[in-house]
Amino acid sequence: MTDSPGPSDAGPSPEALDAAAPAAATSLRAVHTPNFPAMLRGLGGSLLVTTYQAGKLVMVRDEGDHLNTHFRTFQAPMGLALQGDRLAVGTTVQVWEYVNVPAVTAKLQPPGRHDACFLPRDCHVTGNIQIHEMAWGKGEELWVVNTRFSCLCTIDRTASFTPRWRPPFVSALEPTDRCHLNGLGMVDGRPKYVTALGQTDAPAGWRADKARGGIVMDVDTGDLLAQGLSMPHSPRWYAGRLWVCESGAGTLGFLDPRTGRYEPVAATPGFTRGLDFAGNLAFVGLSQVRETAVFSGIPITERLAAEERTCGVCVVDLTRGEPVALLRFEEGVQEVFAVQFLPGRRYPELINDDANLLENSFVVPDSALADVPASLRGA
């Protein structure tokens, strides 16, 4: 598979998803509702989407009357973490760190189009810890959901990872995915909420009750905030509420802090996983859900037939409590993991395979700029 540099689609009908011819030499094909580009334009940003199944990071960019879906290849990318101009991407055995270098946009084609360019700055080998969600915290710490070891960890330059927290019911640090810890919600730069698929202490013990064993926990206290959920994911504190995807039901909702009850706000046509917000809109990742033992028996497979389930990104209006726009992958992508809104970056680029550009792009500290000829500064 190769990058898709052109538009994913355009079309006149606001009632239907509009399709266009796929870009040459690619089987990654996307369609969208006509209102999606205007939404991103109004917000002044773009989206990043990871799909570990297809091995791609997708940049979703407004291009007037259509979206441009631009792909970069990674080894099973999952978690994303954005903090200002810093971006981290979690893959099978590595965490890649990128930095936005705006001066490089002048070298990109077409001229004048791009407003951000993320270049690789660091790579840390973790081993296959089954990285799930990630987030930057205080002190520039990168927090990682280490699913295989059932813990939250940070990156340690002298080790694969540094375990920092695990659920009280998990008795040992070993690579057996005891509870399928998966989602991470930050508050004030610290981990505050996590989701897991079971309150279990046996290797892969969560699988026995995957359809209704899901939990939401408070990291500070170790208390259960909710239980009995179907494969919960992506806890987020936003606008005074704790939002959660009940992935197995295909819904987005929030938890009532008094009762621990999950209140669904919107039902979507896919397995909900990956969540970010902008204004009164929520961007929710959707997966088709494969017909495998892991996903059998969950509510969405009973609510929607296989051909009705969608992979892509759904936009939910939080005020109205309903989906208002949709990007759908029609070929090449069946599962989405992370969705990240990039404010202030309408047309970003990320470089991970352009050897010439990487060989000839240099960033030095501000303290060294006085020694750089004026003709080269920002060139």
- Name every residue in segment 318-373 that is hydrophobic (A, V, I, L, M, F, W, C), under 21 Å from HIS233 (Cα atoms) and not in a strand (DSSP E or B), in order of residue number. LEU318, VAL333, VAL336, PHE337, ALA338
- Task: Identify, from the list ARG190, ARG166, ARG178, the residue that is touching a helix residue (DSSP H, G or I) at 6+ places or on another chain (Cβ under 9 Å), buried (at least 19 other Cβ atoms within 10 Å of the Cβ), over 20 Å from THR92 (Cβ atoms) and charged (D, E, K, R).
- Result: ARG178
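Name the single residue, out of those in segment 69-115 being small (Gly, Ala, Ser) and assigned to a loop (DSSP other than H, G, I, E, B), that is surrounded by the fewest Cβ atoms within 10 Å (Cβ to Cβ). Working first, answer last.
Going through segment 69-115, the residues small (Gly, Ala, Ser) turn out to be 76, 79, 81, 84, 88, 90, 103, 106, 112.
From what is left, the residues that are assigned to a loop (DSSP other than H, G, I, E, B) are 76, 79, 84, 112.
Values: ALA76: 19, GLY79: 26, GLY84: 8, GLY112: 10.
If we take residues in segment 69-115 being small (Gly, Ala, Ser) and assigned to a loop (DSSP other than H, G, I, E, B), then GLY84 is surrounded by the fewest Cβ atoms within 10 Å (Cβ to Cβ).
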- Task: Could you please give the count of residues in segment 66-82 that are in contact with a Leu (Cβ under 9 Å, 6 or more places away or on another chain) and under 27 Å from MET39 (Cα atoms)?
- Result: 11
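From the set of residues in segment 33-55 that are touching a Gly at 6+ places or on another chain (Cβ under 8 Å) and within 13 Å of PHE329 (Cβ to Cβ), which is modelled with the lowest pLDDT? Walk me through how you get there before you give the answer.
Looking only at segment 33-55, we keep the residues that are touching a Gly at 6+ places or on another chain (Cβ under 8 Å), and these are 34, 37, 43-45, 49-50, 54.
Remaining after also requiring within 13 Å of PHE329 (Cβ to Cβ): 49-50, 54.
On the way: VAL49: 98, THR50: 98, ALA54: 94.
Filtering first and then ranking leaves ALA54.
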- Give, as residue ranges, the strands (runs of 3 or more DSSP E) completely inside segment 195-276 that count at least 1 residues that are in contact (Cβ under 8 Å) with a residue 40 or more places away in the chain. 214-218, 232-238, 241-246, 251-255, 262-267
- Across (1) at pLDDT below 95; (2) in contact with a His (Cβ under 7 Å, 6 or more places away or on another chain), ALA211 clears everything bar (2)
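The values are calculated or read from the model by the stated rules, or taken from the named source; none is laboratory data. Keep in mind the model is a prediction, meaning the values are calculated, not measured. Reconstructed Cβ throughout: ideal geometry from the backbone, glycine too, with neighbour counts over all protein chains shown.
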